Each structure stands twice: as C-alpha cells, then as structure tokens.
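Colleague: A single structure is presented below for examination.
The values are calculated or read from the model by the stated rules, or taken from the named source; none is laboratory data. Owing to the predicted nature of the structure, the values given are computational and were not obtained by experimental measurement. Note: ideal-geometry Cβ built from the backbone for every residue, glycine included; neighbour counts use all protein chains shown. Accessible surface is based on the protein model in full, side chains and every heavy atom, while ligands, DNA and RNA are left aside. Shrake-Rupley method; radii C 1.70, N 1.55, O 1.52, S 1.80 Å.
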Amino acid sequence: MNERHTLELPDALKAQLGVKSGEQVEVRIGADELKISTPRPVEVKKRRWGMIILTFVMSCVFLGYFMVRKIYQVSLVGSESVATMVLLLTTLSGLMSFMVVFVRLKRQSGSAVEAVSWRNLPTVALAFALISFMLMAGLFWIAGRLFKGASFDLVTSTALFALMTSVEIQATNSLVPQLSSRLLTNIFIAVIVSGVILAMISNQNLYWWKHNLSFLGTNKAVDSWEFNLALFFSGLILLALVDYLFASLKRIFPKSRQLLVLRILLTLLAIDLGMVGAFPNNLEIHSLHTRLAGYLIFLILGLIFGIRWLLPDISTDFQHISWMIAAALLAGEILFQVVGYLSLTAFEIMAFLLAFSWLVMLFERLNDYLEPIQNQRYVIK
C-alpha cells in the first residue's frame, strides 16, 4: 500500500499556487532549494497533433521525392532508399521536435529544463540528433546485411517511414522534459561510445587495428566522418555539461577557487577533445592532431593528480581509484614507450578506456553534490 503524504500550507500560499485542500502538489527538494509546483494537465492533444502533422509533412516529402524521381519500388538501403530518407528526414523531425518542446518547457516555471542555459540548446539538440542518427544508421546497417536486396512498394515504404518518424518524435517528446546533468552525462557517453564502435565496425575489413585508433578518423578510413563527428560533438556536449554543472555548483560553493580551476581545466579538455575530431590524423595535419591528442593526456593526468585539491570533500575511495588509474596510465606508457610490449593501438585503446572511465566517475561525483534531489507528491491538507 502506497504511503500517503500530506502537506499543510497557509491559505495565502494555497491561493498563490491555485490549489485547494485534497489536491496534489509536487515538491522538489534539491541541494539548496525547495520547489512546490502543481501538476499541470499534460497537453496530450497538442503534442499528439504536433506529432501527426510533422509526421504527415515529412511523409509527403518522402512520397513526393520518389514520385518525382519515378521510383515506385524503394530499396531498404542504398543511395535512394528508405534508410537514406529516414536518416535525413526523420533525424530532422526529431531535431525540430526537440527545439519546439525545449522552448515550450523553457517558458514554463518549475520544469527541469529551466536549469539548462539557452546557449546550450543548439549543442544539446544536435547531440540528440546525432545519437538518433547513429542509432538508426547502426540499425539499418544490420538490416541491410540481414535482408540483402530487400525493397518495398511506395505505399509500404511510406508507411514504414511514417512509423519510424512518429516513434522518433514521440521519443524526443518524452526525453526533453527529463533533461538534466545526469542525462547530459549519459548523452556524452552514448555519443562518444557509439561513434567509436560504429567507426570500428565500418572499418573492420581495413584492419584498422594494425595502424592506430586515430586511423578511424583519417581519409583512408570508411565513413571517417562518423568518428570525427562523434569526437567533435562529444567535446561540445562536454562543454555544455561543464557549463550546466558548474553553474549549479556555484550556488553550493559560491567562492571556491578550486572549483573554478577545475572548471577551467575541464573546459580546456572539452575544447581539445572537439579539436581532435575537427583535425583528424591525416598526413597534412598529422603533427597538429598528435599535439592536440597529447594535450588530452596531459590534461587528464593533471586532473587526476590534482583532484585531491580541486574537488571539495573528495572521498577516499574516489581518490584511491584516481591514483590507480593514474598508475595504470603510467604503466601503459612505460610498456609502450620503453618496453615495447604494447602496440600503438593497444596503448591508445587502454589509455582511452581508463581516461574515459575516470572522467565519467568525476562527473558522477559532481552530480552527487547536487543531490539529494527528491520529487514527492503531497496531498494538501
């Protein structure tokens, strides 16, 4: 049996909130705030009609393109196929839906989106679109191998396109209200991991591992743009995440110089990560790419060694884990440079996994400072 919570409020506050005895309110308890909001009626009809209209418009574009091209049997994958149109039009639909829902929620008081800065909107929206694009690209890559040569008539292909577009819009509408620092952290993880894995799969026949990890972003690789774009957007998301987190942490630690230094170092790390994707390891800019990648290592090591002084109230467990990761990075460097035991690819992958894991743990620790955050419904007494 669910426990019933009651909340006694002054009559003046009841009038201000527009609630009466017996009605429910939602209480949000944060690290330095307490918000009482009345559950708004969900605008189901408005969202539903928005999804229907956008799906209909995009489906008309899909149908019109193939009718103009006089293609009445549409391939599942290929240059002019269901996959191509879904990757273009459905991703665009998700991006448009994200922007509309974000702006609508931003104008409402009490929504989780309030804490996200307007300047982060383009980055976060494009990140969502990129994740959606990569996910659908991966699914169509698998489908293309499972159903080689598959094609559909115009009506069936349009219905398939409309279904995928409506699912994309619905998923976007559900995710935007949940936007938070933890969700941004998960987006950062998803973008960089999916981009690297997709690039590895695409280049499996080129034996990329005989070269180095950076080979996946060169002009000799297949679809190198996926790898580079994942790194570039990971840098942008990391920049947005740092801005979001430290703007909130400033309210808890208003005059912390350590957090200011940590914010600067993480901002430099985000910019450097984006630049590694912007300048791939091609022959003409090899030295620039190598220098930028080297800066990443120095920044990560600087953060790990300095985290004891940079992070307020650091736990002993996190400090010990940081030292172990630093020791593993140094051991890998010795095994690669001095002993010659590790190949370049093995060293890069090991260093990437260790540094990436530590960075994720750091952001989880920073998110913990903003908690406990609880949402609980109370009945007005």
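Colleague: I'd like to check something: does the range 279-293 contain any residue that is under 28 Å from residue 249 (Cβ atoms) and open to solvent by 50 Å² or more (accessible area, probe 1.4 Å)?
Modeller: For the range 279-293, residues under 28 Å from residue 249 (Cβ atoms) and open to solvent by 50 Å² or more (accessible area, probe 1.4 Å): absent.
Colleague: In this structure, does residue 185 turn out to be open to solvent by less than 20 Å² (accessible area, probe 1.4 Å), of a type in the set (Val, Ile, Thr) and at pLDDT 80 or above?
Modeller: It is false that residue 185 is open to solvent by less than 20 Å² (accessible area, probe 1.4 Å), of a type in the set (Val, Ile, Thr) and at pLDDT 80 or above.
Colleague: If you check residue 78 against the conditions, is it open to solvent by less than 70 Å² (accessible area, probe 1.4 Å), modelled with pLDDT under 65 and of a type in the set (Gly, Ala, Ser)?
Modeller: When the stated conditions are applied, residue 78 does not pass them.
Colleague: Looking at residue 252, is it of a type outside the set (Lys, Arg), within 24 Å of the chain's Cα centre (by Cα) and over 24 Å from residue 123 (Cα atoms)?
Modeller: no
Colleague: Further question on the same structure: Answer with yes or no whether residue 59 is at pLDDT 90 or above, under 29 Å from the mean Cα position of the chain (by Cα) and of a type in the set (S, T, N, Q).
Modeller: yes
Colleague: Quick one: in the range 82-97, of everything that is farther than 13 Å from residue 131 by Cα and touching a residue at least 40 places away in the same chain (Cβ under 8 Å), which residue is most open to solvent (accessible area, probe 1.4 Å)?
Modeller: Among residues in the range 82-97 that are farther than 13 Å from residue 131 by Cα and touching a residue at least 40 places away in the same chain (Cβ under 8 Å), the one most open to solvent (accessible area, probe 1.4 Å) is 96.
Colleague: Pull out all pairs, ordered by first then second residue, where Cβ-Cβ is under 9 Å, the residues are six or more apart or on different chains, the first lies in the range 252-279 and is over 15 Å from residue 303 (Cα atoms), and the second is open to solvent by less than 70 Å² (accessible area, probe 1.4 Å) and modelled with pLDDT of 85 or more.
Modeller: These pairs meet every condition: 253/259; 256/262.
Colleague: Among 151, 157, 111, which is the only one that is at pLDDT 80 or above, polar (S, T, N, Q) and surrounded by 17 or more Cβ atoms within 10 Å (Cβ to Cβ)?
Modeller: On inspection, the qualifying residue turns out to be 157.
Colleague: Test each condition in (1) surrounded by 13 or more Cβ atoms within 10 Å (Cβ to Cβ); (2) closer than 20 Å to residue 265 by Cα for residue 298 and report the one that comes out false.
Modeller: In the conditions (1) surrounded by 13 or more Cβ atoms within 10 Å (Cβ to Cβ); (2) closer than 20 Å to residue 265 by Cα, residue 298 misses (1) alone.
Colleague: Could you please let me know if residue 310 is at pLDDT 80 or above and within 23 Å of the chain's Cα centre (by Cα)?
Modeller: No: the conditions fail for residue 310.
Colleague: Let me ask you something else. Can you go through 242, 261, 276 and tell me which one is surrounded by fewer than 20 Cβ atoms within 10 Å (Cβ to Cβ) and either within 21 Å of residue 122 (Cα to Cα) or modelled with pLDDT of 80 or more (or both)?
Modeller: That would be 261, the only listed residue that is surrounded by fewer than 20 Cβ atoms within 10 Å (Cβ to Cβ) and either within 21 Å of residue 122 (Cα to Cα) or modelled with pLDDT of 80 or more (or both).
Colleague: Now for a separate question. Please enumerate the residues belonging to the range 55-106 that are basic (Lys, Arg) and farther than 17 Å from residue 124 by Cα.
Modeller: Matches in the range 55-106: 69, 70.
Colleague: Looking only at the range 319-358, count how many residues are among the β-branched types (Val, Ile, Thr) and either within 16 Å of residue 302 (Cα to Cα) or not in a helix (DSSP H, G or I) (or both).
Modeller: Selection size over the range 319-358: 2.
Colleague: Look at residue 130 and say whether it is closer than 26 Å to residue 232 by Cβ and in contact (Cβ under 8 Å) with a residue 12 or more places away in the chain.
Modeller: Spelling it out, residue 130 is indeed closer than 26 Å to residue 232 by Cβ and in contact (Cβ under 8 Å) with a residue 12 or more places away in the chain.
Colleague: Here's a follow-up. Identify the single condition in (1) farther than 30 Å from residue 247 by Cα; (2) among the hydrophobic types (A, V, I, L, M, F, W, C); (3) modelled with pLDDT of 75 or more; (4) open to solvent by 40 Å² or more (accessible area, probe 1.4 Å) that residue 344 does not satisfy, given that it satisfies every other one.
Modeller: The single condition residue 344 does not satisfy is (3).
Colleague: Next up: Restricting attention to the range 283-328, which residues are closer than 18 Å to residue 369 by Cα and basic (Lys, Arg)?
Modeller: 308
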